[in-house]
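The values are calculated or read from the model by the stated rules, or taken from the named source; none is laboratory data. Quick caveat: nothing in here was measured; it's all calculated off a predicted structure. Quick reminder, even Gly has a Cβ in these numbers, built from the backbone with ideal geometry, and neighbours come from all protein chains shown. For the accessible areas, the whole protein counts, side chains as well, though only heavy atoms, and no ligand, DNA or RNA atoms are used. Shrake-Rupley method; radii C 1.70, N 1.55, O 1.52, S 1.80 Å.
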Amino acid sequence: MLQYIINGLQSGSWYSLLAVSIVIVMKASDVPNFAVANMGLVGAFLAYSFVSAHLPFGVAVVLGLLGAALFGVIIDRAVIQRLGDKGHFPLLLMTIGISLSLAAALELIWGTNSLSLNAPWSNKTVHLAGQIINWDGIVTIATGLVIAIAITWFFHTTAGVRMRAVAENRSAARLVGVRISRVSGLAWGIGTAVAALAMILQTESSVLSYTAGDALLVPAFVAATAAGFTSPVGAYVAGLVIGVLENLTGGYISTALQSVVALVVVVLILLLRPSGFTRTALARREV
Amino acid sequence: MMTFNGHRRRRAAAAVTALAVGSLLAACGSTTSNASGSGSGSSSSSSSVPGITSNTITIGATEPITGKAATAGQGLEAGIKIATQYINAHGGVNGKKINAIILDDGFIQSREIANIRQLVSQDHVYAIVDPAGSQGIAGTWDFMKQAGTPMWGPISPSDPKLPNVYLLVASRTAQQEVAIDYFAKQGLTRIAAIGEDDDLGLSLKDALAQQVPKHPGMKVVANETLPVSTSDVSAAVLAVKNANPQALIISTNNTSVGLILKEMGNLGLHIPAYADQGAANTGGVGAVGPAGSAANGFLGGLQVDLPTSNTQAVQTWRAQAQQYSGPQGLSAFSLQTYMQEMAFVEVLKRMGSDYSWSNFQKTANGLASNPITLGALPPIACGPLPDGHTCGNQSEIAKFDATTQTWSVIQGFTAPQS
C-alpha cells in the first residue's frame, strides 16, 4: 500500500504541477492552455542539452527553467496577446495549434529516440518501512510541495493579486491601472517554468521524448477542472489525488483501469460541481 | 467576486476538458476499418496488370517515417531503398527495374489506410511490399480483398487469411509463444505479463492463452495492462513483483519496455524479461538504451537475423547498407525489409513472364514445396489458404549485454511448440 501511495504521489506531483501551470495561465489569460505539457518539454529538452554539454545537473535545470519561462513570455507576446481581443475560442484553438507545432519542432530538433535525463539521484533507492522507494519519487514529491507553497505565496504578493484581479475582471483591472500585458507575460512565464519543472521531474524519472507529455495532459486538466481552473492549491491537491487513485486502482483492481480514473473523476466533477470542488472552498477566500 | 462570464468560461473550459478526455480515450482504443472496394478483382492478365510496364515494376509501401515510430519507419524505408538499388544495379527482374513508392504515414492509422488506398487506386502499384502499421493495415483488409493487389510481408498484423496477403515472418504472438517455450525449457513456470492496452497487449494475451497450457505446471501469475504511451509503469511492475514470478513477457512500445526494465532494476526484480522484436528493438538501443544497466540480460525476439551477424546474407546487406546515406540503414528494420523485398523479387523471378496476380498467388502458394531461403530469414514456405499465408513462424531469441552494449543470439530460429 505504502509503495503504491508513494508512486501515486510521484505521478500525482507531475499532474499537480502541470495543473498549477494551467491555473496560473488561466488566471491571467482566461484560456485553458492545451500546450502546457509540450511547452514544459521545451524546458526539459533544454535542460537535457545543457546536461549533455557537461553542465552540472542543477545548473542545467535552472537554465532550462529560465529558457522555458522566456519561451512562455515569447509565446504570450507573439501569439496570445495578439489574439486577446478575438474572443475565447480562437485562443483555445491557438494553444492546441501551439502544442501540435511544438511536438513537430521537438521531434525535428531532438529526434524520436527516447533520451535519458539523469539526475544525481536517478536510479537510487531507499528502504522505507520495508518498501523500496526511488529517490526520484521523493525528490518529485518534495519539489511539488515546495512549488505549490511558493505559488500560493506568490498569489498573495502584489504581482499575484494583480494577476487574480485580471482573472476576475479584466476591464476593471485595466481601469485601476493594472497593465494587462505585463501580467499576462508574467503568468505565461511562470506557468511555463512550472510546467517545465513538471516535465523535468517526469522525464528524469522515466525517459525524455517529444511524446512524454501526452499521458500527463488529461490528468492535469482533470486536476485543473477539479480546482475550477482557479485555485492552485486545489489543482495541486487534485493532481495528487488522481495520481494516488490511479496507482491504487492499478495495484488493487487492475492496471487496465488506471487510465479510466481520470475520466471517472472528470465526469463526477462535471456532474456534481461543474465549477470545481475547490473554487467555493478556496478560490472565493483567495479572491 | 467571480463574474458571470468568468463562471461561464470556466465551465466551458471544464466541458472542453471533458470532451478532450473522452476523445483521447476513444482514440486510444479505436481501430479504423472503413475501406470500401474499388479494386478490379483478383485476376488480371499479364498485359493489363497494374504497375507493370515494359521496363519497370512499381511497388509501394507505407511506413512511419515520421512520428512516434520514426526510428523503425526510417529503418524499414532504408531496407526497401537499399534492396531496390541493389536489385536494379544487378539488372532488375528479368530486365525490369523496380520502382518503389514509399509513403510516410506518421504512425497514424488513418494515414496508413489512406496511403494503401492511394498506392492501389492512384499509383496503381503491382504490389504492396513491406508495409508497416499492424493496426492500420488491418483496416485495409476489405479493400485489399476487393482490389486483389498482392500484399507481401506486412509488419506485423495477424493473418487475415486473404488470398493476396502473405505474412513472411513470425507474428508478435508467434514470437511470444517461442519465448514461453524457451522459459519452459529453462524450468521457469511462474510467468508474468505486461501488455499495452492495444493490439500489442492482445497479441500477448493470445500467446499466453495458446502456449501456457502446453507446458504442464506453467501458470500466469500476473497479467497487467498499461495505458498506451504511459510514462507511469510503477503500478504494473509493482503488481508483477508482488506476484513473485520467475519470468516476465512484455508487449508494449519501446519506451515502455525501457521504463519497465528501469523500474524492475529499481525494485530489485531480477528475473528474465522478454519482448518481441518490435517492442524490444532487438539489435538496437531503442528500448534498452533508456534502461541503462537494468537492461542487462534482457531478452529480445528476432524475426530476422541480427544486423551484426556474420552470415553471408547479412554481410551482403551490410555492405550495401553502409553505402546508404539516409538514417537507420544498418538497423534490424532495414535488414528485415531488405530481405523481404529480396524474397518478393525471387517470387517474381519464379513467375517467368506471366506477371498476373493469379500467377503471383499460384507461385507464392507453391513455396511450401520449394521455400525461399535467404539466410537471414527463416525459410519462406507459403502454402495455400487457410493457414499457408503465414509463411514463416520461426523466431530467434537474443540477449542484451549492457556492459558491451551488444546483442547476441542465444536461440536460433525456432517455431512455437505445437
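What to note about this one:
- Residue in the range B:214-230 that is nearest to the other protein chains (Cβ to nearest Cβ), counting only those that are surrounded by fewer than 24 Cβ atoms within 10 Å (Cβ to Cβ) and modelled with pLDDT under 90: B:Ser229
- Residues (under 16 Å from B:Pro154 (Cβ atoms) and of a type outside the set (Gly, Ala, Ser)) located in the range B:45-83: B:Ile59, B:Thr62, B:Glu63, B:Pro64, B:Leu76, B:Glu77, B:Ile80
- All positions within the range B:346-355 that are surrounded by 15 or more Cβ atoms within 10 Å (Cβ to Cβ) and closer than 15 Å to B:Asn55 by Cα: B:Leu348, B:Tyr355
- Test: B:Asp276 is in contact (Cβ under 8 Å) with a residue 60 or more places away in the chain, crowded, with 24+ Cβ neighbours inside 10 Å and either away from chain A (no Cβ under 12 Å) or not charged (D, E, K, R) (or both): yes
- Of the residues making up the range A:164-193, those that are in contact (Cβ under 8 Å) with a residue 12 or more places away in the chain and either within 14 Å of another protein chain (Cβ to nearest Cβ) or on the phi > 0 side of the Ramachandran plot (or both) are A:Arg164, A:Ala165, A:Val166, A:Ala167, A:Glu168, A:Arg170.
- Checked against (1) within 30 Å of A:Val218 (Cα to Cα); (2) within 10 Å of another protein chain (Cβ to nearest Cβ); (3) surrounded by 18 or more Cβ atoms within 10 Å (Cβ to Cβ), B:Asn242 passes all but condition (3).
- Filter pass, B:Ala89 being of a type in the set (A, V, I, L, M) and over 30 Å from B:Gly286 (Cβ atoms): yes
- So A:Leu240, is it more than 10 Å from every other protein chain (Cβ to nearest Cβ) and closer than 28 Å to B:Glu263 by Cβ: yes
- Sole residue being among the small types (Gly, Ala, Ser), within 14 Å of chain B (Cβ to nearest Cβ) and assigned to a helix (DSSP H, G or I), chosen from A:Ala60, A:Ala68, A:Ala119, A:Ala104: A:Ala104
- Residue list for the range A:122-157, restricted to those being among the polar types (S, T, N, Q), within 14 Å of another protein chain (Cβ to nearest Cβ) and either in contact with a Lys or Arg (Cβ under 9 Å, 6 or more places away or on another chain) or not in a helix (DSSP H, G or I) (or both): A:Ser122, A:Asn123, A:Thr125, A:Gln131, A:Asn134
- Residue check for A:Leu91: away from every other protein chain (no Cβ under 14 Å), open to solvent by less than 30 Å² (accessible area, probe 1.4 Å) and assigned to a helix (DSSP H, G or I): no
- Filtered residues of the range B:246-268 (kept if closer than 15 Å to B:Ser229 by Cβ and part of a helix (DSSP H, G or I)): B:Asn254, B:Thr255, B:Ser256, B:Val257, B:Gly258, B:Leu259, B:Ile260
- Candidates A:Val218, A:Val222, filtered to the one that is within 7 Å of chain B (Cβ to nearest Cβ) and open to solvent by less than 20 Å² (accessible area, probe 1.4 Å): A:Val222
- Selected residue (criterion: nearest to A:Leu197 (Cα to Cα)) from residues of the range A:18-53 that are open to solvent by 10 Å² or more (accessible area, probe 1.4 Å) and part of a loop (DSSP other than H, G, I, E, B): A:Phe34
- Restricting the first member to the range A:112-136 and to residues that are within 29 Å of B:Asn281 (Cα to Cα), and the second to residues that are acidic (Asp, Glu), the beta-carbon pairs closer than 7 Å and six or more apart or on different chains are A:Leu117/A:Glu204; A:Ala119/A:Asp136; A:Ala119/A:Glu204; A:Trp121/A:Asp136; A:Ser122/A:Asp136; A:Ser122/A:Glu204; A:Asp136/A:Glu204.
- Every test in (1) open to solvent by 20 Å² or more (accessible area, probe 1.4 Å); (2) within 26 Å of A:Ile132 (Cβ to Cβ); (3) in contact with a strand residue (DSSP E or B) (Cβ under 7 Å, 6 or more places away or on another chain) is passed by B:Val233 save one, and that test is (1).
- A single member of A:Ile96, A:Ile109 is within 11 Å of another protein chain (Cβ to nearest Cβ), open to solvent by 50 Å² or more (accessible area, probe 1.4 Å) and over 15 Å from A:Gly40 (Cβ atoms), and it is A:Ile96.
- Strands (runs of 3 or more DSSP E) completely within the range B:97-214 that count 2 or more residues being of a type in the set (D, E, K, R) and touching a residue at least 40 places away in the same chain (Cβ under 8 Å): B:97-104, B:190-196
- Selection status of A:Ala235, facing chain B (nearest Cβ under 7 Å), crowded, with 22+ Cβ neighbours inside 10 Å, among the small types (Gly, Ala, Ser) and in contact (Cβ under 8 Å) with a residue 12 or more places away in the chain: no
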